[in-house]
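The values are calculated or read from the model by the stated rules, or taken from the named source; none is laboratory data. A quick note: this is a predicted structure, and the numbers were derived from the prediction, not measured. Don't worry about glycine lacking a Cβ; one is built from the backbone with ideal geometry, like all the others, and counts go over all protein chains shown. Calculation scope for accessible area: heavy atoms of the full protein, side chains included, ligands and nucleic acids excluded. Shrake-Rupley method; radii C 1.70, N 1.55, O 1.52, S 1.80 Å.
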Amino acid sequence: MNKRRRVYEGKAKTLYEGPEPGTLIQHFKDDATALNGKKHSLIDGKGVLNNRISEYLFLRLGEIGVPTHFIKRLNMREQLIREVEIIPLEVVVRNVAAGSLATRLGLEEGKPLPRSIVEFYYKADALNDPMVSEEHITAFGWATPQEIDEVMSLALRVNDFMVGLFLGIGIRLVDFKVEFGRLYDNELVRVVLADEISPDSCRLWDVATGDKLDKDRFRKDLGGVLEAYQEVARRLGVLTENPRPKGAGPVLVASNGQKPH
Ligand code: UDP
């Protein structure tokens with residue numbers, strides 16, 4: 001059996017040592033958590049869908065020149081990625097008032113924001129990922145001013161691209177969370193997009209009906225979590241609903257050599 005060293009166990013993903021130095025294997029689990037881990041459930045098949053959706057988005061973003069940690073998908077649940085040093089920030093980009101922003105500032109859910117807003121949260125489960133400003137980030141050395149500029153500009157590029165991509169398939173990208181890492185390449189250090197982008201980390205509303213197609217279905221006990229993720233995957237064209245093309249494959253033949261009715 002292939003014994004791999006586990007290097008990190010997260011809530012929805014596990015990281016294993018990769019086949020070559022500087023690589024890791026990112027494994028997508030079916031676990032869903034909310035309220036900082038206090039609410040937990042297994043959603044059979046979620047990991048498979050997130051692996052596919054995230055692969056698709058990272059590939060498309062790579063094509064427009066956004067540097068990412070993604071190398072290739074390995075199987076249903078795993079992808080090969082470059083090992084990076086994660087910048088300990090959750091970078092949230094918002095286009096429409098929802099969630100904690102709507103609560104904090106008393107905004108009506110669904111109201112378009114005057115412009116896209118980028119927020120930073122310090123990655124610290126024990127503290128409930130508090131929101132922080134550039135002042136905190138630089139004072140405590142979590143990232144340099146140059147890195148913050150790079151992160152901001154990449155986050156906005158990711159947002160512009162994804163707003164258009166999702167709109168094209170009838171989905172409103174309300175907000176999302178991304179993470180970035182430092183990729184060490186000899187003497188060079190580059191900031192690259194890391195982690196994942198999936199319905200676990202985005203708010204995706206159907207344009208026509210307003211239906212939520214994301215993790216809010218789990219957070220708010222709306223049901224149909226897997227179906228919503230499947231719908232996103234289907235619209236992106238990454239769900240193979242009928243893996244066997246019509247007319248192909250084995251045909252049942254009765255023992256008399258005739259096709260059964
Ligand atoms: N988000 C995330 N992980 C977190 C917190 C938020 O992926 O730990 C995503 C969330 O899915 C949403 C966006 O970031 O798309 C903004 O979330 P918000 O700050 O409104 O927090 P929430 O209301 O989800 O607690």
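A few comments on the model shown:
- Under DSSP loop assignment and at most 16 Cβ neighbours within 10 Å, longest GluC sites (Glu not before Pro)-free interval of the chain: 1-107
- Helix 145-167 vs. the chain, principal-axis angle (Cα, 0 to 90°, nearest 10): 40 degrees
- Extension gain from SER153 to LEU239, taking 0.36 nm per residue of separation minus the Cα-Cα distance: 27.9 nm
- Considering only alpha-carbon pairs that sit under 8 angstrom and 6 or more positions apart, the relative contact order computed for segment 1-155 is 14 percent.
- Protein heavy-atom surface of the chain, 1.4 angstrom probe: 52% of the accessible area is carbon and sulfur, with nucleic acids and ligands not counted.
- Taking Cα atoms only, the orientation of helix 225-236 departs from the longest principal axis of the chain by about 90 degrees.
- The residues of segment 1-129 have, on average, 53 Å² of accessible surface per residue, using a 1.4 Å probe with all protein chains present.
- Dipole axis of the chain (+1 Lys, Arg; -1 Asp, Glu on Cβ), positive-most option in PRO88, GLY47, PRO199: GLY47
- Å² per residue, accessible surface of segment 185-241 at 1.4 Å: 48 Å²
- Gain on full stretching of the segment that runs from HIS136 to GLU85 - 0.36 nm per residue minus C-alpha separation: 16.4 nm
- When +1 charges are put on Lys and Arg Cβ atoms and -1 charges on Asp and Glu Cβ atoms, the dipole computed for the chain relative to its Cα centre reaches about 1080 debye.
- You can think of it this way: the chain between LEU127 and ASN186 has 17.8 nm of extra reach, that is 0.36 nm per residue less the Cα-Cα gap.
- If R0 is 22 Å, the Cβ-Cβ spacing of ASP221 and LEU165 corresponds to a FRET efficiency of close to 0.15.
- Computed with a 1.4 Å probe over protein heavy atoms only, the accessible area of LYS220 comes to about 100 Å².
- Across the chain, the mean sequence separation of Cα contacts (distance under 8 Å, 6 or more residues apart), normalised by length, yields a relative contact order of 16 percent.
- Rounded to the nearest 0.05, the FRET efficiency derived from the C-beta distance between ARG104 and ARG60 at R0 = 41 Å is 0.85.
- Three-way shape label, segment 89-208, alpha-carbon gyration tensor, a/c 1.5: oblate
- In terms of its C-alpha gyration tensor, segment 1-85 has an oblate overall shape, because the principal axis ratio a/c (a ≥ b ≥ c, square roots of the eigenvalues) is not below 1.5 and a/b does not outweigh b/c.
- Against the chain, whose longest principal axis is taken from its Cα atoms, helix 46-63 shows a tilt of about 60°.
- Our summary gives segment 119-192 a relative contact order of 16 percent, counting only alpha carbon pairs under 8 angstrom and 6 or more residues apart.
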